[in-house]
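Heads up, the thing below is written out as structure tokens.
The values are calculated or read from the model by the stated rules, or taken from the named source; none is laboratory data. Because the structure is predicted, anything quoted here is derived from the model rather than measured. Heads up, the Cβs are rebuilt from the backbone with ideal geometry, glycines too, and the neighbour counts pull from every protein chain shown. Side chains included, ligands, DNA and RNA excluded: accessible areas come from the protein's heavy atoms. Shrake-Rupley method; radii C 1.70, N 1.55, O 1.52, S 1.80 Å.
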Amino acid sequence: MFLHDPAQELPDDVIDDALEAVRLHLGMDVAYVSEAYPDSVVFRHVSGIDTNNYVQVGRKIPANHIFCNKIAVGDVPCVINDTADIPQISDLPFVREADVGSFVAVPIGQSRSGYFGMFCCYAHAPRDDISERDIATVSMFAKLTTRSLKQHFDAQHEINALKKQLSRVIQDDSLSIHLQPIVSLSDGRPMAAEALSRFSVHPGLGPEWWFAQAQRSDMQIELEVKAIQLALTHLQEMPAKAYLSVNASPLTVASPLFMDAMQGVPTDRLLVELTEREIIVETPQLMQALTVLRDKRIGIAIDDVGAGYAGLNTIVSLKPDVIKLDRSLVSVVHSCTVKQSLTKAMVHFANEMNAFLVAEGVETEAEHVSLKALGVRLGQGFHYARPAEAAIIARQMRDYSKSNPTLRSVS
């Protein structure tokens, strides 16, 4: 049986077009798709104008006020020329108040365990010209509607399954945190570490897959906040002056749940990287949230600059403390004059904004040397350290700081 959830939005275009086509073909006043529940019926889609304003999208009426169930079980025929001739329906509130004189209706979404509802056309006046032959037309469009509904509910079923799986990930110990250091190119000192999520469930799918599914199933905020909360537990393990960088989408940053997670942490050592799983839209909610973060002395970073959605205008508006140069611009920068020119420009741009520029994805000594020569002060990538369990990286960062207490750094 199809899933029944009043909060679910049904597919619009196909169903509305089908209703309009059938209504015009038969010359009826109103056509609708209803959704049936055990004790009620809801009008989900309506074509035409009910002069009595009884049939309206979203209206819910008791099941015994309408003839849907009677048609579904075969007690009432699918074609009625004059409702006054059928005593068992003529006095129903729906027939009286919607002024139904004649109708053609077929159940939709039929299955062995039930049906979704009804595809119905009716006229206010009796109609002698409609007959059983019109059932074929209505049934054809009803089948089209059924396929559209089935696709919708199959997708919704998949989303519901994803939500259950993501809820288990959030509640259980399936999510853990790895850290990757961000180092000074001048002396190798670890200045910060980015918190990266790892999933023990289906690890081959990768964290990007999980966050994409969370976005798809409207659980993006919950999953990101859970990852941030776990990351924050490792901040105290890091060197005293090192920053912890956590990833959050603009949607999450603007949410109350995220702000709740920011309470009670040493915010002057925290950096929030705005990720670009969607376009960064400078909504009032986001801009207000960024102001609150700055008041708390939390740093703001923009990730994947050069490959994501953020243009220079967006960067200027957001006023980040850190700009992270994407791997696509860092790769083989030592042998590409165009990338070198772009990097120089970004160094100047960052300096003018009083922001740090971090080169992401540094993998070779040649890239490191070139970036340093171009004026980039901070780097992150396999050349310095691969992501590893948070406790391991935090310990390595502490050990490095203890053994090199006098090294010059960018701070």
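For the stretch 17-58, the spherically averaged projection of the C-alpha convex hull amounts to 3.2 nm². Computed over protein heavy atoms with a 1.4 Å probe, the accessible surface of the chain works out to 47 Å² per residue. Against the longest principal axis of the chain, how steep is helix 206-216, in degrees 0 to 90 to the nearest 10, with axes from Cα atoms? Relative to the chain, helix 206-216 is tipped by roughly 40 degrees.
Model label sites at VAL338 and THR364, defined 7 Å from Cα along the beta-carbon direction, differ in position by 1.8 nm. Seen against the Cα atoms of the chain and their longest principal axis, helix 390-403 is set at about 20 degrees. Computed from the coordinates I sent, log10 I(q)/I(0) by the Debye sum over Cα atoms at q = 0.07, 0.09, 0.12, 0.14 Å⁻¹ equals one of (1) -0.31, -0.52, -0.93, -1.24; (2) -0.53, -0.69, -0.89, -1.09; (3) -0.50, -0.72, -1.06, -1.30. Tell me the label. Read-out taken from this structure: (2). With the simple spin-label model, which puts each label point 7 Å out from Cα in the Cβ direction, the SER176 to MET259 separation comes to 3.5 nm. Straight Cα distances below 30 angstrom link LYS319 to the lysines LYS226, LYS241, LYS296, LYS339, LYS344, LYS372, with same-chain residues fewer than 8 positions distant left out. Label-to-label distance, GLU132 versus ILE392, with points set 7 angstrom from Cα along the beta-carbon direction: 7.6 nm.
Quick one: length gained pulling LEU205 to SER40 fully straight, 0.36 nm per residue minus the C-alpha distance?
Here the segment from LEU205 to SER40 would lengthen by 55.1 nm.
Taking Cα atoms only, the orientation of helix 220-232 departs from the longest principal axis of the chain by about 30 degrees. Apolar share of the accessible surface for the chain: 52 percent from carbon plus sulfur atoms, 1.4 Å probe.
Run through the stretch 222-262 and list the GluC sites (Glu not before Pro) located in a DSSP loop whose Cβ has at most 14 other Cβ atoms within 10 Å.
Listed in order of number, the matching sites amount to none.
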